1. Excluding ligands, DNA and RNA, what is the solvent-accessible area per residue of the stretch 23-95 at a probe of 1.4 Å, expressed in Å²?
2. Carbon and sulfur: what percent of the stretch 21-177's accessible surface (1.4 Å probe)?
3. Beyond 32 Å between alpha-carbons counts as too far, so tell me which of Lys49/Lys158; Lys35/Lys155; Lys24/Lys158; Lys100/Lys158; Lys24/Lys100; Lys100/Lys146 fall in that bin.
4. Leaving out ligands, DNA and RNA but keeping every protein chain, what accessible area does Lys146 have, in Å² rounded to the nearest 10, with a 1.4 Å probe?
5. For Asp14 and Gln54, calculate 0.36 nm times their separation in residues minus their Cα-Cα distance, and state this gained length in nm to one decimal.
6. Of all trypsin sites (Lys or Arg not before Pro) in the stretch 51-131, which ones are in loop regions per DSSP and have a Cβ with at most 16 other Cβ atoms within 10 Å?
7. Please list, in order along the stretch 28-34, the HN-Hα scalar couplings obtained from phi with the Karplus expression 6.51 cos²θ - 1.76 cosθ + 1.60 (θ = phi - 60°), rounded to whole Hz, x for Gly and Pro.
8. With every protein chain left in place and a probe of 1.4 Å, what is the accessible surface of Leu171, to the nearest 10 Å²?
Amino acid sequence: SLMTMVCHRPEGLDQLEAQTNFSKRELQVLYRGFKNECPSGVVNEDTFKQIYSQFFPHGDASTYAHFLFNAFDTGHTGSIKFEDFVTALSILLRGSITEKLQWTFNLYDINRDGYINKEEMTDIVRAIYDMMGKYTYPVLKTDAPKQHVDAFFQKMDKNRDGVVTLDEFILSCQEDENIMRSLQLFENVI
C-alpha cells in the first residue's frame with residue numbers, strides 16, 4: 001500500500017508532493033520529524049495527546065487534542081499516518097481560505113453529519129478555553145464559551161434552522177472579519 005511505502009521508503013513522497021503544497025525537500029524534513037516522534041510510522045490518539053499537551057503546559061489540551069485527532073484521522077482508522085498528517089498540514093499552512101474553512105468546518109462537525117449544531121460548537125470552544133488555561137483567560141467565567149458560541153451561531157445560522165451548513169459557515173467567515181479572526185486564533189493552536 002502507499003502508506004507502507006511512505007512509512008518505509010520516502011520515495012513514496014513523489015505522490016505526496018503532487019497532492020500537497022509541499023516540496024519534496026520539505027516533505028523529507030517533515031517525514032524525518034514524524035518518524036522521530038513516531039518510529040512506528042503511525043500516531044494513536046494517546047501519543048497525539050501527549051505530543052500536543054507539551055505545547056499547552058498551562059491548560060488541559062486533552063479534549064481539544066481529541067477533536068483535532070479526529071479531524072486529522074480522515075479515514076477514521078484510530079491512527080494518524082504520515083499521509084494524513086501532511087495533508088492536513090498542507091491545508092492549514094498553505095491552503096486557500098476556502099480549503100482552510102472546509103477543514104475547520106470538519107473539525108467542528110464532530111459527529112460528521114455535514115452540519116454544525118450549537119452543542120458541537122460549544123464543545124470545541126470549551127475545549128479551546130480549557131486548553132488555553134487560566135493564565136490566558138484569568139477573568140473567564142464558566143459561561144463565557146456559551147456566550148461566545150451564542151453570538152457566533154446567531155450570525156452563522158442564516159436560515160435559522162438550528163444548524164450551520166458548510167456554505168453558511170464559509171459565507172459567515174468571509175463576510176465577518178471578527179469570526180475569521182477568532183477562527184484564526186483557533187487555527188493558531190493547531
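1. Working: 3740 Å² over 73 residues.
On a per-residue basis, 51 Å².
2. Numbers: 4450 of 8440 Å².
That share works out to 53 percent.
3. Numbers: Lys49/Lys158 35 Å; Lys35/Lys155 43 Å; Lys24/Lys158 43 Å; Lys100/Lys158 21 Å; Lys24/Lys100 22 Å; Lys100/Lys146 24 Å.
Correct reply: Lys49/Lys158; Lys35/Lys155; Lys24/Lys158.
4. 110 Å²
5. Values: separation 40, 0.36 × 40 = 14.40 nm, distance 3.18 nm.
Extra length from Asp14 to Gln54 when fully extended: 11.2 nm.
6. Working: sites: Lys81, Arg94, Lys100, Arg112, Lys118, Arg126; in loops: Arg112.
Sites meeting the loop and neighbour criteria: Arg112.
7. With coefficients 6.51, -1.76 and 1.60, one gets 5, 5, 4, 4, 4, x, 5 Hz.
8. Accessible surface of Leu171 is approximately 90 Å².
The values are calculated or read from the model by the stated rules, or taken from the named source; none is laboratory data. Note that the coordinates shown come from a computational prediction; the quantities given were computed from them, not determined experimentally. FYI the Cβ positions are ideal-geometry reconstructions off the backbone, even for glycines, and counts take in every protein chain you see. Protein only, heavy atoms only, side chains kept; ligands, DNA and RNA dropped before computing areas. Shrake-Rupley method; radii C 1.70, N 1.55, O 1.52, S 1.80 Å.
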